[in-house]
Amino acid sequence: MAHGLHVDGVTRPGSGEAALLVDPATGDIVDTVSQASAAEVTAAVDAAAAAFPGWAARTPGERARVLLRLADLLEDDAEALTDLEVAETGKPVAVFRDGELPFAADNLRFFAGSARSLEGTGAGSFSAGYTSMLVRRPLGVVAGIAPWNFPLVMAVWKIGPALAAGNTIVLKPAPSTPRSAIRLAELAARAGLPAGVLNVVTGGADVGQALVHDRRVAMVSVTGSPGAGRAVMESAATSTKRVHLELGGKAPALVFGDADLQAAATALTMAATYNSGQDCTAATRAYVHTSVADRLTGLLAEQMGRVRVGHPREEATDIGPLVSTGHRDRVHGFVTRAVAAGATLRAGGVLPEGPGAYYPPTLLTGAAQDAEIVQDEVFGPVLVLGTFETEDEAVALANDSAYGLASSIWTTDVATALRVAPRIQAGVTWVNDHLPIASEAPHGGVKGSGFGKDMSHEAVLEYTVTQHVMIKHALRQAHDSFRPA
Ligand code: NAD
């Protein structure tokens, strides 16, 4: 049985309910994990609170050294981490080993650098006889709550900026994908992270809520569904906590008449199907100018047919199964209802026989703009293609969504890209691509996709608070605090 706790530097079994971990490629049980009880969540916060003064007092350079060592250890541990992650998520070996894992290491190296450039905005004399210093301070104990779609990367996005800024953290991975987070904590201990600075508690919403309700937790950062985000925000209000919410998406792609259609079809197929579409920035709604709609439909259907759906441990596999058969059935339900409501299937959409939570890349046209397949997050390899006549219509369709995380524009006219990008309500707008991210660039949404940035120096700032230290020059000087300068 896998141990479900890493508290105060020690990995041990939790005394909460045990959870079965299922391989989505086969349906076999790969492990069980002993999850945290409420008392163990409290113990994890105890450890994080006790470790906070010491970690906050470390110099930025010392904190950076630990994060750099952890990045190296992640790479050294690639084989074991890949094994855990592939067994729990069904993502292809090559995708994780050659993509997500090196990216997680790069994130940590970025945050190590960022720790060393964390500075307040200098000193100034804003009132006669005083000098003010604006200093960035860590918040204290933070809680990170992560989803199952990118377990290791999401764990790194939670711990990297929090630790770089001098906070201590209690991390809660998703209940179906907990083992890489425990291993990450063990590697962090080997990298020299003091006991108690990074703690992991496994479990579901009840364990998440126990963290949110602990008054000593200063901030909760959650990546998950809008429902989870709202529940966390509501509970956080009872103890006035800061929240940081990364909540899903329904990314539009606007393909203009002058776009390179072959390039768009290839990249959008990848963007709709990468990680079997279980990606909050996935291309889910493409809108194409009517003049090229038929051509793009044909090219997309052809590209989708070429995606190699297969066992995650085969090197040639592009996409593996979805995370569970329950989730796969939910995705197929969306597709079935869309077709019943009048949409046309252009590729995929047929439930495969045999074991495993597989689902084919699926292309639909002719869905109504207010249909659930266009408005709700499906979280599977499903792309819905609609059309537009004018630029204004394209922008209106893109923005007609409760979400606002990612988007893309496809055109060979730079003026079109520059005109349209600022009109789209989204945290990221790609031009002639869809999906790439960089450690230096902030990731986060607007509207129902939440608020707060992951990655980049902005993420590190979100885990800090500015303290104003105001120093009086002469002890007996009369103060003029309310007089404008
Ligand atoms: P989920 O909302 O079911 O769970 C996410 C995490 O929140 C899990 O750890 C879960 O245990 C916890 N949780 C759920 N309800 C909670 C509650 N009431 N209180 C406290 N914690 C709670 O989401 P999921 O199914 O694991 O992940 C898929 C979702 O995550 C999708 O909506 C996806 O778009 C979103 N996501 C967003 C981003 C982003 O950066 N915006 C990235 C990845 C995934």
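If a residue has to be assigned to a loop (DSSP other than H, G, I, E, B) and either touching a residue at least 40 places away in the same chain (Cβ under 8 Å) or within 12 Å of residue 309 (Cβ to Cβ) (or both) to count, how many in segment 355-367 make the cut?
Selection size over segment 355-367: 7.
Any chance segment 436-459 includes a residue that's buried (at least 21 other Cβ atoms within 10 Å of the Cβ) and aromatic (Phe, Trp, Tyr)?
no
Pick out the one residue from 405, 418, 475 that is more than 26 Å from residue 275 (Cα to Cα), assigned by TED's automatic domain parsing to the domain that holds residue 383 and either out of contact with any His (no Cβ under 8 Å at 6 or more places or on another chain) or away from the ligand (no atom under 16 Å from the Cβ) (or both).
418
Quick one: residue 398 ticks every box in (1) assigned to a loop (DSSP other than H, G, I, E, B); (2) more than 25 Å from residue 23 (Cβ to Cβ) except a single one, so which number is it?
All conditions are met except number (1).
For segment 421-458, give me each residue that is on the phi > 0 side of the Ramachandran plot and away from the ligand (no atom under 15 Å from the Cβ).
If the condition is that a residue be on the phi > 0 side of the Ramachandran plot and away from the ligand (no atom under 15 Å from the Cβ), then 432 is the only one that fits.
Residue pairs, Cβ under 8 Å, 6 or more apart or interchain, first in segment 140-164 and part of a helix (DSSP H, G or I), second among the acidic types (Asp, Glu). List them.
151/85; 151/88; 152/85; 152/100; 153/100; 157/454; 161/454; 161/462
Scan the helices (runs of 4 or more DSSP H) fully inside segment 54-129 and keep the ones with 1 or more residues being closer than 30 Å to residue 308 by Cα, among the acidic types (Asp, Glu) and in contact with a helix residue (DSSP H, G or I) (Cβ under 6 Å, 6 or more places away or on another chain).
So the answer is 60-76, 78-89.
Please tell me if residue 225 is in contact (Cβ under 8 Å) with a residue 40 or more places away in the chain and more than 7 Å from the ligand (Cβ to nearest atom).
no
Consider residue 346 carefully, then state whether it is among the basic types (Lys, Arg), closer than 25 Å to residue 89 by Cα and modelled with pLDDT of 95 or more.
In short, no.
Residue check: is residue 269 within 16 Å of the ligand (Cβ to nearest atom), hydroxyl-bearing (Ser, Thr, Tyr) and outside the structural domain of residue 201 (by TED's automatic domain parsing)?
No: the conditions fail for residue 269.
Scan segment 417-470 residue by residue and report those that are acidic (Asp, Glu), in contact with a strand residue (DSSP E or B) (Cβ under 8 Å, 6 or more places away or on another chain) and assigned to a loop (DSSP other than H, G, I, E, B).
If the condition is that a residue be acidic (Asp, Glu), in contact with a strand residue (DSSP E or B) (Cβ under 8 Å, 6 or more places away or on another chain) and assigned to a loop (DSSP other than H, G, I, E, B), then 433 is the only one that fits.
Residue 207: surrounded by 24 or more Cβ atoms within 10 Å (Cβ to Cβ), β-branched (Val, Ile, Thr), near the ligand (Cβ under 8 Å from one of its atoms) and over 19 Å from the mean Cα position of the chain (by Cα), yes or no?
yes
Output the residues belonging to segment 246-265 that are under 21 Å from residue 378 (Cα atoms) and free of Cβ contacts under 8 Å to residues at least 40 places away in the same chain.
Residue satisfying the conditions is 265 alone.
Can you find a residue in segment 122-131 that is at pLDDT 95 or above and small (Gly, Ala, Ser)?
So far as segment 122-131 goes, no, none of its residues is at pLDDT 95 or above and small (Gly, Ala, Ser).
Can you pull out every residue in segment 153-168 that is out of contact with any Phe, Trp or Tyr (no Cβ under 8 Å at 6 or more places or on another chain) and within 14 Å of the ligand (Cβ to nearest atom)?
Within segment 153-168, 154, 155, 156, 157, 158 qualify.
Considering only segment 317-343, how many residues are farther than 16 Å from residue 89 by Cβ, under 26 Å from the mean Cα position of the chain (by Cα) and of a type outside the set (Asp, Glu)?
The number of residues fulfilling the criteria is 5.
Quick one: which of 351, 345 is among the hydrophobic types (A, V, I, L, M, F, W, C), part of a loop (DSSP other than H, G, I, E, B) and free of Cβ contacts under 8 Å to residues at least 24 places away in the same chain?
None of the others qualify; the one that does is 351.
The values are calculated or read from the model by the stated rules, or taken from the named source; none is laboratory data. This structure is a prediction, so every number in the text was calculated from the model and none was measured. Neighbour counts are summed over all protein chains in view; Cβ atoms, including those assigned to glycine, are modelled from backbone coordinates with ideal geometry.
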